[in-house]
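Colleague: The structure follows.
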Amino acid sequence: MEYWNQAADVFMSDRFCLYRNIAAVIGTAYVLRFLLKKLWALSGGFCAYFLAPWGISRINIKKYGSWAVVTGASEGIGRGYALELARQGLNVAIMSRSREKLEKVEEEIRSKYNRDVRVIPVDFSEGQSVYDDIQAEISDLDIAILVNNVGTGTGNDLFFGQVDPLQHRKVIELNCQSMIQMTHLVLPKMLEKKKGIIVNIASVVNLFPLPLSNVYSASKIFVLYFSTALQTEYKSKGIIVQCNSPGYVATQLIGLKKATWWAVDPVAYGRSSVATIGLQHHTNGCLYHVIQAFIYKSLLGQKTSIIIMQVWGKFKQNWTK
Ligand SMILES: NC(=O)c1ccc[n+]([C@@H]2O[C@H](COP(=O)([O-])OP(=O)(O)OC[C@H]3O[C@@H](n4cnc5c(N)ncnc54)[C@H](OP(=O)(O)O)[C@@H]3O)[C@@H](O)[C@H]2O)c1
């Protein structure tokens with residue numbers, strides 16, 4: 001204790017006046033930088049979730065081109081994005097396995113918003129060969145935005161060894177590989193135009209490594225890291241890369257046909273997510289999910305969140321039976 005008192009006396013003496021002032025300036029600059037960064041993040045969130053849904057401060061996606069390309073767009077979140085982008089005036093190229101389901105979305109977009117739709121049936125689990133076909137289908141389009149949405153999981157509460165290795169392969173093909181290959185297809189033209197938008201759909205499970213959903217949660221942190229690094233590489237070249245990490249959305253993936261208090265409606269989710277583009281590089285898509293992510297990350301922490309997510313997973317399984 002005496003040692004520390006002596007040290008404090010020396011530091012407060014006139015001899016150390018200059019160092020004290022330097023330390024004070026560095027400390028103040030650091031605190032200011034911290035506060036400004038927080039304020040900047042908050043202002044982005046405020047614009048994204050309170051102003052942009054009313055059209056204020058939102059970017060005009062039509063200025064980036066006339067087409068949107070959405071993978072996994074025949075239902076769920078992908079359909080939500082496709083409908084919202086059409087509502088905002090873009091033509092839409094939609095992809096999934098089922099032509100029939102895609103044609104229903106096509107019909108909906110044409111009748112509601114009178115936009116051009118290109119239906120591209122494709123199975124992303126078939127590997128590299130499908131991308132040549134996709135290239136042929138989209139090469140003539142002036143693409144404003146690519147939404148890498150297609151994705152799948154491994155089911156609930158299964159240990160790694162209980163999952164068919166082919167299903168793990170499929171998760172990687174859909175959640176990661178399709179995102180990389182689709183980005184390869186659209187990026188060169190976007191760079192030529194010096195503008196373009198790429199949105200990658202991850203999941204709130206990328207907050208933590210999630211036991212019993214190990215490959216799925218790992219694939220979603222892959223999406224986040226890929227998006228963040230890609231944004232850093234191409235930001236100065238006019239490309240916006242956004243990662244969206246949703247919480248629960250009422251879709252076939254989680255076995256829900258209708259929105260509930262804990263899972264939002266996919267069309268409403270598509271609308272609020274599109275509003276955040278250009279305002280947030282990493283978003284949760286809607287305010288409800290931002291609050292959920294904040295609770296998991298900042299209030300509960302990793303261990304408690306994982307337990308809650310697993311208990312919730314069991315409850316959800318029973319709920320959706
Ligand atoms: N729902 C949630 O709560 C939630 C939460 C976090 C993250 N996410 C992520 O959001 C994205 C979309 O999920 P979602 O809930 O909307 O899923 P979904 O309702 O199951 O829809 C998936 C879409 O992908 C298509 N698809 C599935 N397998 C395909 C394949 N092999 N090749 C081509 N298309 C295929 C499906 O259409 P076809 O059957 O016609 O192929 C459908 O259009 C995923 O990346 C998911 O991980 C969802």
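Where a number appears in this text, it was derived from the coordinates with a stated rule and is not lab data. Keep in mind it's a predicted model, so treat the numbers as computed, not measured. Positions of Cβ are generated from backbone atoms using ideal geometry, with glycine treated the same way; all protein chains shown enter the neighbour counts.
Colleague: Which semi-axes, in whole Å and largest first, does the equivalent ellipsoid of the stretch 59-291 have when worked out from the alpha carbon gyration tensor as the square roots of 5 times its eigenvalues?
Modeller: On the way: eigenvalues 125, 76, 71 Å².
Its equivalent ellipsoid spans semi-axes of 25, 19, 19 Å.
Colleague: Show that you can apply the helix-only estimate: for the chain, add -39,500 (n - 2.57) for every DSSP H stretch of four or more residues, divide by all residues, and state [θ] at 222 nm to the nearest 500.
Modeller: Only helices count here, giving -16000 deg cm²/dmol.
Colleague: Enter the angle in degrees (range 0 to 90, nearest 10) between the Cα long axis of helix 178-193 and the first principal axis of the Cα atoms of the chain, meaning the one along which they spread out most.
Modeller: Result, in degrees: 80.
Colleague: Please order 14, 265 by the number of other Cβ within 10 Å, starting at the fewest. Don't skip to the end; give the middle numbers.
Modeller: Numbers: 14 7, 265 17.
Ordered by Cβ neighbours within 10 Å, fewest first: 14, 265.
Colleague: Can you tell me the order of 173-179, 39-45, 300-306 when each peptide is scored by its average per-residue count of other Cβ atoms within 10 angstrom, highest first? If you can, show how the numbers build up before the last one.
Modeller: Numbers: 173-179: 22.6, 39-45: 12.6, 300-306: 14.3.
The peptides rank, most packed first, as 173-179, 300-306, 39-45.
Colleague: Going highest first, how would you order 57-63, 276-282 by mean Cβ packing within 10 Å? Write out the running numbers ahead of the final one.
Modeller: On the way: 57-63: 14.7, 276-282: 20.7.
By packing density, highest mean first, the sequence is 276-282, 57-63.
Colleague: A follow-up question, please. I'd like the orientation of helix 17-46 relative to the chain: the angle between its Cα long axis and the longest Cα principal axis, in ° from 0 to 90, rounded to 10.
Modeller: 20 degrees
Colleague: Given the stretch 180-321 reduced to its alpha-carbon atoms as identical point scatterers, what log10 I(q)/I(0) does the Debye formula return at q = 0.16 Å⁻¹?
Modeller: Results for the stretch 180-321 at q = 0.16 Å⁻¹ read -0.90.
Colleague: Taking neighbour Cβ counts within 10 Å as the exposure measure, how do 312, 261 sort from fewest upward? Write out the running numbers ahead of the final one.
Modeller: Numbers: 312 14, 261 6.
In increasing order of surrounding Cβ atoms, one gets 261, 312.
Colleague: Can you pull the percent of Cα pairs in the stretch 217-272 with separation above 15 Å?
Modeller: Numbers: 915 of 1540 pairs.
When all Cα pairs of the stretch 217-272 are counted, 59 percent exceed 15 Å.
Colleague: OK, next. Compute the Rg/Rh shape ratio of the stretch 249-298: radius of gyration over Kirkwood radius, all on alpha-carbon atoms. Don't skip to the answer; put the middle values down first.
Modeller: Working: Rg = 11.5 Å, Rh = 11.6 Å.
Computed over Cα atoms, the ratio is 0.99.
Colleague: Hey, got the Cα dimensions of the stretch 1-93 along the principal axes, in Å, largest first?
Modeller: 72, 26, 22
Colleague: Among rounded, prolate and oblate, which fits the stretch 190-230 when a ≥ b ≥ c are the square roots of the eigenvalues of its C-alpha gyration tensor, a/c under 1.5 means rounded, and a/b larger than b/c means prolate?
Modeller: prolate
Colleague: How high is the relative contact order of the stretch 153-236, in percent, counting Cα pairs under 8 Å that sit 6 or more residues apart? Mind showing how you got there, number by number?
Modeller: On the way: 58 pairs, mean separation 32.4, N = 84.
Value for the stretch 153-236: 39 percent.
Colleague: Please state the equivalent ellipsoid semi-axes for the stretch 154-228: what are the square roots of 5 times the Cα gyration tensor eigenvalues, largest first, in whole Å?
Modeller: Details: eigenvalues 169, 36, 9 Å².
The equivalent ellipsoid of the stretch 154-228 has semi-axes of 29, 13, 7 Å.
Colleague: If I fit a long axis through the Cα atoms of helix 76-87 and take the longest principal axis of the Cα atoms of the chain, what angle between them do I get, 0 to 90°, rounded to 10?
Modeller: Value to nearest ten degrees: 90.
Colleague: Å³ per residue of the Cα convex hull, for the stretch 55-175?
Modeller: Details: hull volume 14.9 nm³, N = 121.
For the stretch 55-175, the hull spanned by Cα atoms encloses 123 Å³ per residue.
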